[in-house]
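Down below is the structure, laid out as structure tokens.
The values are calculated or read from the model by the stated rules, or taken from the named source; none is laboratory data. Being a predicted model, the structure only gives us computed values, none of them experimental. Here the Cβ positions follow ideal geometry from the backbone for every residue, glycine too, while neighbour counts run over all protein chains shown.
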Amino acid sequence: MDNTVYLSLGSNLGDREGYLRQAIEFLNDDSSISVESVSSIYETDPVGYIDQPPFLNMVIKLQTSYSATRLLALIQTIEHRLKRKREIHWGPRTVDLDILLYNSESITTKTLRIPHPRMTERAFVMIPLREIAPDVTLPGWQFSLDQILSELQDKEGVRIWKRKNGDGVFELFES
Ligand code: X6L
Ligand code: MG
Ligand code: MG
């Protein structure tokens, strides 16, 4: 379990919070993964394809013995189990799990790029990431998260929806 990974989670269809919680449970149920911390849940205006419902977005930190490629395969299985359908490109989805960072590695394969190539342009990723990892550095970037965020335009489209209080991973979803 010696690899540190940050994932972005998003949902804008159906029981959005329930899909986020189930995705985290499926990850944590895997004996090769331990979910270490979660951000607050943010409600965010859609970006890219804007004619769709608002998203809930969050970022989580996990420890895993899986390679990045193996983790991607697991994530895709979880998206499938949670009824994600490939309809409109960038369109509404029950759940979306993206690998943001894998240790401080830069990885490029046919199906995977880490760091996530668009993450620094998206306030819905950078705001929850900064909440749980304010000092993390991105391979290939000389700037801090604060510096990157100070350049972003769409921060007002990212609002706290359920604030995290305490250290437990699942207490966020209780009550
Ligand atoms: C120009 C062209 C500017 C494309 C932006 C941005 C495309 C983001 C796709 C873009 C562009 C994306 C989420 C979302 C999507 C999400 C929120 C994407 C892929 N996923 N909006 N839009 N949260 N708020 O998780 O991220 S589609
Ligand atoms: Mg995404
Ligand atoms: Mg994705």
Tally the residues that are in a helix (DSSP H, G or I) and among the polar types (S, T, N, Q), restricting the search to the range 10-20. 0
Evaluation of Trp90 against (1) out of contact with any Gly (no Cβ under 6 Å at 6 or more places or on another chain); (2) loosely packed, with under 13 Cβ neighbours inside 10 Å (one fails), failing number: (1)
Mind listing just one residue for me: the one in the range 141-175 that is of a type in the set (Val, Ile, Thr) and not in a helix (DSSP H, G or I) and, of those, modelled with the lowest pLDDT? Val169
Could you grab me the full set of residues in the range 1-43 that are within 16 Å of ligand 3 (Cβ to nearest atom) and either among the basic types (Lys, Arg) or over 19 Å from Glu79 (Cβ atoms) (or both)? Arg16
Before we move on, is Leu145 buried (at least 17 other Cβ atoms within 10 Å of the Cβ), over 23 Å from Phe55 (Cα atoms) and out of contact with any His (no Cβ under 9 Å at 6 or more places or on another chain)? no
Considering only residues that are within 17 Å of Leu172 (Cβ to Cβ) and either modelled with pLDDT under 95 or surrounded by fewer than 19 Cβ atoms within 10 Å (Cβ to Cβ) (or both), which ones fall in the range 1-20? Asp15, Glu17, Gly18
Are there any pairs with C-beta distances below 6 angstrom linking a residue in the range 107-128 that is surrounded by 13 or more Cβ atoms within 10 Å (Cβ to Cβ) to a residue that is part of a loop (DSSP other than H, G, I, E, B), with the two at least 6 apart or on different chains, and if so which? Pro115/Leu138; Ala123/Leu152; Ala123/Asp154; Pro128/Ser39
Would you say Tyr66 is crowded, with 20+ Cβ neighbours inside 10 Å and more than 13 Å from ligand 2 (Cβ to nearest atom)? no
Considering only the range 111-125, state which residues are in contact with a helix residue (DSSP H, G or I) (Cβ under 6 Å, 6 or more places away or on another chain) and within 14 Å of ligand 1 (Cβ to nearest atom). Met119, Thr120, Ala123, Val125
Filter result for the condition that a residue is in contact with a Pro (Cβ under 6 Å, 6 or more places away or on another chain) and either farther than 18 Å from Gly10 by Cβ or modelled with pLDDT of 95 or more (or both), over Leu71, Leu112, Leu82, Leu138: Leu138
Only one of these is within 14 Å of ligand 2 (Cβ to nearest atom) and hydroxyl-bearing (Ser, Thr, Tyr): Thr77, Thr94. Name it. Thr94
